[in-house]
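Comments concern the structure below.
FYI, it's all coordinate maths here, none of it is from the lab. What you see is a predicted model, and the numbers here were worked out from it, not measured in a lab. Quick reminder, even Gly has a Cβ in these numbers, built from the backbone with ideal geometry, and neighbours come from all protein chains shown.
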Amino acid sequence: MLHGIIAAICGIVLMRDVSGSEIGLQLSLLEHSPFVNYFYPGLILYTILGIGSFLTGICTLLKVRYYPWILMIIGSGIIIWIITQMIMIRLQFNLQYVIAAIGITSLTLGVLLHKKEKY
């Protein structure tokens, strides 16, 4: 859930400051991507990874029906996001590995909980 809150905040900042300079990003990082600025990456970060991760955390805490599936979906989304980011910016940062670990953990927990739950 914390990941979702941080992603939502960063997404808002990127949509507001499309140059990325407010959070220390350079537009040159987008050179090999389809984006000319950080608005659309910020929008994806805010909606899917931010709000999506936050809502997944709430669904998991409340044990909403099919929450293991929701965990698997958001975990897969995080993994796809970070791999795509690494390919597009052609640089690697330690934080990317932390985020990838969050995605892998979410996916794995979803699979394990799905096996445990009887629907």
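Among 106-117, 1-12, the peptide with the highest mean count of other Cβ atoms within 10 Å heads the list, and the full ranking is 1-12, 106-117. One way to sum up the overall shape of the chain is the equivalent ellipsoid from its Cα gyration tensor, whose semi-axes run 29, 15, 10 Å, largest first. Roughly what angle does helix 94-116 make with the longest principal axis of the chain, taking Cα atoms, 0 to 90 degrees, to the nearest 10? Its long axis makes an angle of about 20 degrees. On a 0 to 90 degree scale, rounded to 10, what angle separates helix 52-62 from the longest Cα axis of the chain? That works out to roughly 20 degrees.
Compared with the dominant principal axis of the Cα atoms in the chain, helix 2-16 is inclined by about 30°.
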